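Please treat every number below as a calculation from the coordinates, not as lab data. Because the structure is predicted, anything quoted here is derived from the model rather than measured. Positions of Cβ are backbone-derived with ideal geometry, glycine not excepted, and every protein chain shown enters the neighbour counts.
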Amino acid sequence: MEYIQIKEKSREVLDNYKEMDEDLANRLIDDLSSIIDPKFISRDWALRVPYSQDTSGGGTDNVNEYRTPDIVVLPTNVQEVAHICSIALKYKVPVNVISTGLNTTAMALPLFRGIMIDLKRMNRILEIDKEGLTITVEPFVSYARAQAELEPLDLRINIPGAPNSVSIVANNLFIGMKFYSAKFGYGAMEIVGLEYVLPDGTILRTGALLSDPIETTSKYKQGIHSEPSEGNGRVCVQSWGPDLTGLPQQGVGGNGIVTKMCIKIYRKLKNTEILCYGFKDLENTTRILAEICGQDIGYGALMGASQDNAQAAQHSNKDVEIFQAMSKSSIKTMKSGIKMMLKSIPLMFNKSYREIFKGFMALGPVNYVFMAFLIGTKRKIEYDNLRIQNILKDKSINSEKIRDATPYQKHNFWPYNDEAEPEYIYKLVKNSGMKDFRYDWLLRGGKFLDYCDITARMMRKTTGLSIKSSRMTYDKVKDVIDFFIKKLEKHFPEAVEEDKWGVVIIPGIGSHFICLEYVITYDPRNQEEKDKTFKVFREFIVESMEKGIYFTNHSKLYRDSIEKMMMPKIWELTKEIRDSFQATVLCPH
């Protein structure tokens with residue numbers, strides 16, 4: 001099926017879902033109110049319209065064209081979620097779900113109107129099991145809040161490369177690439193138990209939550225979080241019959257609504273070190289990454305495109321524009337560099353600033369940035385550091401001059417280093433021309449690192465379409481990135497010319513596979529540009545699948561069309577399973 005046919009079919013399906021008539025809306029609200037407090041059910045257009053946009057925008061400048069839900073409901077426990085689903089099935093009304101709202105590519109927008117379930121009132125940490133090393137949370141609990149509870153217990157959660165305010169439940173359901181993936185795996189591997197509601201209102205519990213479910217019907221006071229229980233060794237994840245823990249992940253948002261998740265936590269290790277190096281050649285970078293993971297060094301690694309990472313680190317759109325202007329013009333870059341050096345002369349007497357300046361300059365003339373995360377005893381960190389240095393010096397692995405940015409990283413991640421002086425990072429960034437970078441934000445960033453270890457994408461100001469691959473061998477990385485760039489050059493030549501694309505490489509378990517993430521930036525208010533972006537996206541996915549690479553994390557409408565074409569037998573089977581429990585009510589497309 002050609003892209004234009006899919007697009008027309010999509011519009012035809014969407015157009016069938018008109019604004020709900022008042023009679024049906026009133027009957028729905030009456031039925032919902034039989035269990036749910038009416039003050040948490042709304043038909044008010046002013047309250048509904050914010051749900052018609054996500055972080056990538058609304059696709060139009062005309063608010064009257066936004067696709068709003070017909071009714072918004074804020075449940076407080078699993079029984080209320082089950083009640084909403086059963087009522088929706090009774091009236092054949094679509095259901096949409098949202099938690100923290102950090103969504104992209106329209107995955108949580110009410111494209112088919114209907115009921116919007118906002119899970120922000122389900123915000124409790126229900127249990128911290130110090131013996132079994134698990135934490136059980138509701139959908140609105142963020143990583144930062146969980147880590148704040150774990151910190152006094154000397155425990156930590158496996159943080160993803162996402163904002164610290166993202167939902168633990170949502171991130172793990174969407175695979176959730178973690179910066180310690182080489183040790184602990186991806187989000188799906190972190191889950192040891194689920195509670196979720198099927199589209200017909202049936203409540204299922206799996207894994208560690210199968211027996212002894214945590215009661216969630218206790219009285220809830222808005223704005224007050226209950227104290228989590230301590231747990232008693234919740235480690236068993238096996239049960240009789242098939243394990244259905246993975247069912248909600250097959251069609252996120254379509255197979256059920258997760259209301260409780262039990263995931264792994266870890267004992268906090270006090271000693272950490274982050275090494276950072278810059279390279280011009282992608283092949284060198286991937287070989288080094290493969291070798292470090294293959295030798296089981298450290299707890300993880302990361303490779304990213306420096307242009308994209310630098311833009312993500314800026315504090316405001318204005319600073320992003322300044323950075324982009326410099327990256328397009330070597331003359332502007334040189335002028336900024338000279339200005340920064342002149343302003344920095346008085347600071348060069350300080351050893352800390354010299355270290356930062358040296359590391360900062362090392363990141364300048366590179367295309368890719370590589371970081372390795374070392375955690376453990378001091379002796380283990382020293383040993384792993386030595387092993388990495390030997391890999392970098394091995395001519396058969398690395399043919400480039402090493403651009404060491406570790407001195408900069410040591411201060412950027414200052415909470416982990418007693419010698420680091422964060423004020424010099426602030427002075428350096430200000431001297432480089434960034435107008436809006438604030439010292440108080442740097443301090444908050446430092447505290448954030450106490451919780452999350454890494455700030456990648458924390459401050460991304462430009463939106464885009466994220467494409468992830470779940471599995472790929474190291475030797476294919478360069479070929480696939482070249483293929484991706486060629487596809488961009490065909491449809492978005494300016495994206496390649498102006499570095500409006502990014503790539504992140506994260507290792508999988510050991511050296512077996514990796515995860516690639518690409519980001520194409522575009523104007524979310526321009527529907528034509530969004531349509532063109534999705535066309536590139538679809539072509540890239542189809543041709544990549546033909547090469548043996550499977551991509552995930554894209555809208556279900558496009559995923560279904562691709563799976564139907566590329567994997568017809570699997571598509572027929574999953575459709576039969578989903579139809580058997582009315583999954584189309586939750587996700588009509």
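Length gained on full extension, Ser165 to Asn390: 77.2 nm, using 0.36 nm per residue less the C-alpha separation. For Lys260, nonlocal amide neighbours, meaning residues 5 or more places apart or on other chains whose placed amide H falls under 5 Å from its own, are Glu195. Residues whose amide H falls under 5 Å from that of Leu155, counting only those 5 or more places apart or on a different chain, are Lys268, with hydrogens built in the peptide plane. Structure shown: which of Lys92/Lys264; Lys393/Lys476; Lys268/Lys410; Lys318/Lys401; Lys183/Lys478; Lys183/Lys318 lie over 29 Å apart, alpha-carbon to alpha-carbon? Correct reply: Lys92/Lys264; Lys318/Lys401; Lys183/Lys318. Among 538-546, 289-297, sorting by the average number of other beta carbon atoms lying within 10 angstrom of each residue, highest first, gives 289-297, 538-546. Highest average first, the peptides 423-432, 77-86 ordered by how many other beta carbon atoms sit within 10 Å of their residues are 77-86, 423-432.
So how much slack lies between Tyr266 and Ala188, counting 0.36 nm per residue of separation and subtracting their Cα-Cα distance, in nm?
That pair, Tyr266 and Ala188, stretches by 26.5 nm at full extension.
With neighbour counts taken as other beta-carbon atoms within 10 Å, the residues Cys276, Cys262 rank, fewest first, as Cys276, Cys262. Label sites at Leu153 and Thr473, each approximated as a point 7 angstrom past Cα along Cα to Cβ, lie 4.2 nm apart.
All Cα-Cα distances of region 72-205, cut into 5 Å bins from zero to the largest, leave 2, 10, 18, 22, 20, 14, 9, 5, 2, 0 percent in each bin in turn. Close amide H partners of Ala208, meaning residues 5 or more places away or on another chain with modelled amide H under 5 Å apart, are Gly193, Leu194.
Here the 3J(HN,Hα) profile of region 366-371, calculated from phi with Karplus coefficients 6.51, -1.76 and 1.60 at θ = phi - 60°, is 10, 9, 9, 10, 10, 10 Hz, Gly and Pro shown as x. Averaged over residues, the count of other Cβ atoms within 10 Å places the peptides 184-197, 374-387 in the sequence 184-197, 374-387, highest first.
You can think of it this way: the chain between Met348 and Met565 has 72.0 nm of extra reach, that is 0.36 nm per residue less the Cα-Cα gap.
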